[in-house]
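Peer 1: Please see the structure below; I have some questions.
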Amino acid sequence: MLASPSARPIKVFCSYSADDEEYRCAFDKALAGLRRAGLVETWSFRSILPGDVVDSRVAQALDEADIIVLLVSTSFLDSDYCWDIEMRRAVERHDRGEARLVPVIVRSCEWSDAPFAGLSALPQDARPVASWSHPDEAWTSVARGVRTLVSEIGSGVRPARTVRQTMPEMPTYRDAAGFLSAAGVARVVLARDRDRERPVADPILVYENSFQKTWLLVTESKIACVLDDLTKSAPYDPLRWQESIEDALPVQLEHYRRTSGFLHFGTRRRKWLYSYHLHRDPSALKSRLEALLKRTG
């Protein structure tokens with residue numbers, strides 16, 4: 001039995017890559033009937049208002065969502081933000097029974113090793129939306145699947161916890177202030193591969209706010225990005241990504257917002273935020289990183 005129009009609408013969070021904006025729009029339209037009936041309200045990155053703090057607004061919406069939809073494609077799998085921020089949090093909430101996680105395959109991709117691969121995906125038979133001769137039929141299948149979840153949530157049915165746990169349990173080595181120390185960053189990176197590499201310089205703190213710090217560490221053969229997030233419950237893996245030295249050049253800069261920008265590494269476009277208040281001259285940070293990478297390469 002569906003929730004009555006007077007009940008609180010079910011909150012649906014949509015996680016997607018910017019490359020799949022057209023599919024996000026189509027997904028939103030597919031839920032128009034449910035939305036007009038007062039059964040759901042949808043939220044996506046496009047819902048962020050001018051002046052909102054992006055990271056905290058996304059985190060709030062993720063934590064409030066009853067259903068979290070992943071629009072899965074090669075671009076989604078390649079997006080560090082979708083994978084490391086939104087998808088990881090979605091998996092955590094699904095596994096605790098706090099939200100329902102739903103993969104919607106929009107473009108053909110290899111997703112069988114993803115943490116959500118154990119879940120039933122939409123549209124019908126997990127056939128990518130892009131491969132349907134009549135996309136409206138695919139989106140109708142998606143809408144019906146969401147409608148079923150809305151009905152189950154309204155009747156109190158709890159999800160089966162079938163997400164595969166591929167996130168390794170890693171020590172965090174936090175300091176007295178609650179954050180990783182520089183020494184802890186090195187231990188996290190080097191312990192991961194159990195190799196005998198050594199850092200070529202101290203870890204570089206590139207981003208910082210009241211609940212997150214991001215560090216970059218260059219070793220003899222790779223560069224690694226470590227995110228320390230105080231909102232994560234221990235244990236969680238702070239190692240976001242690592243790239244070989246030869247694949248990490250060139251380093252590029254991109255303006256993001258008034259207080260921060262993006263550092264991009266190599267042709268694969270590995271990236272993370274850096275804070276202007278930590279690096280008032282971004283070009284100096286870029287030169288420093290390039291010098292470290294060239295020194296080891």
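The values are calculated or read from the model by the stated rules, or taken from the named source; none is laboratory data. What you are looking at is a predicted structure, and each value in this text was computed from that prediction instead of being measured. Heads up, the Cβs are rebuilt from the backbone with ideal geometry, glycines too, and the neighbour counts pull from every protein chain shown. Surface accessibility is based on the protein's heavy atoms, side chains included, excluding ligands, DNA and RNA. Shrake-Rupley method; radii C 1.70, N 1.55, O 1.52, S 1.80 Å.
Peer 1: Identify the single condition in (1) touching a residue at least 40 places away in the same chain (Cβ under 8 Å); (2) of a type outside the set (A, V, I, L, M); (3) more than 27 Å from Arg257 (Cα to Cα); (4) open to solvent by 40 Å² or more (accessible area, probe 1.4 Å) that Asp66 does not satisfy, given that it satisfies every other one.
Peer 2: So Asp66 meets the others, but not (4).
Peer 1: For region 205-218, how many residues meet the condition of being modelled with pLDDT under 90 and in a strand (DSSP E or B)?
Peer 2: 2
Peer 1: Turning to a different aspect of this structure: If Gly156 passes every condition in (1) surrounded by 15 or more Cβ atoms within 10 Å (Cβ to Cβ); (2) at pLDDT below 95 but one, which one does it miss?
Peer 2: Here Gly156 meets the rest and fails (1).
Peer 1: Kindly check whether there is at least one residue in region 106-117 that is aliphatic (A, V, I, L, M), surrounded by fewer than 20 Cβ atoms within 10 Å (Cβ to Cβ) and out of contact with any Cys (no Cβ under 7 Å at 6 or more places or on another chain).
Peer 2: Among the residues of region 106-117, at least one is aliphatic (A, V, I, L, M), surrounded by fewer than 20 Cβ atoms within 10 Å (Cβ to Cβ) and out of contact with any Cys (no Cβ under 7 Å at 6 or more places or on another chain), which makes the answer yes.
Peer 1: Can you go through Thr166, Thr172 and tell me which one is open to solvent by less than 60 Å² (accessible area, probe 1.4 Å) and at pLDDT below 85?
Peer 2: Selected residue: Thr172, the only one of Thr166, Thr172 that is open to solvent by less than 60 Å² (accessible area, probe 1.4 Å) and at pLDDT below 85.
Peer 1: Same structure again: Being under 29 Å from Glu208 (Cα atoms), not polar (S, T, N, Q) and not in a loop (DSSP other than H, G, I, E, B): is that true of Ile153 here? Steps first, please.
Peer 2: Working: under 29 Å from Glu208 (Cα atoms): no; not polar (S, T, N, Q): yes; not in a loop (DSSP other than H, G, I, E, B): yes.
No; evaluated as a whole, the condition is false for this residue.
Peer 1: Pull up region 217-260, narrow it to residues that are open to solvent by 50 Å² or more (accessible area, probe 1.4 Å) and among the hydroxyl-bearing types (Ser, Thr, Tyr), then point me to the one that is farthest from Leu205 (Cα to Cα).
Peer 2: That would be Ser233.
Peer 1: Right, something else. Identify the residue in region 37-53 that is touching a Lys or Arg at 6+ places or on another chain (Cβ under 7 Å) and more than 23 Å from Arg107 (Cβ to Cβ) and, among all such residues, is least open to solvent (accessible area, probe 1.4 Å).
Peer 2: Ile48
Peer 1: Let me ask something additional. Since Val102 meets every condition but one in (1) open to solvent by 30 Å² or more (accessible area, probe 1.4 Å); (2) of a type outside the set (Ser, Thr, Tyr); (3) assigned to a strand (DSSP E or B), which condition does it not meet?
Peer 2: (1)
Peer 1: Looking only at region 270-295, how many residues end up being touching a residue at least 60 places away in the same chain (Cβ under 8 Å), surrounded by fewer than 18 Cβ atoms within 10 Å (Cβ to Cβ) and over 16 Å from Thr214 (Cβ atoms)?
Peer 2: 1
Peer 1: Find the helices (runs of 4 or more DSSP H) located wholly in region 1-94 whose residues include 3 or more that are more than 19 Å from the chain's Cα centre (by Cα), and list them. Explain how you work it out, then say what you get.
Peer 2: On the way: elements: 21-30, 32-36, 54-64, 74-78.
Of the helices (runs of 4 or more DSSP H) lying wholly inside region 1-94, those with at least 3 residues that are more than 19 Å from the chain's Cα centre (by Cα) span 21-30, 32-36.
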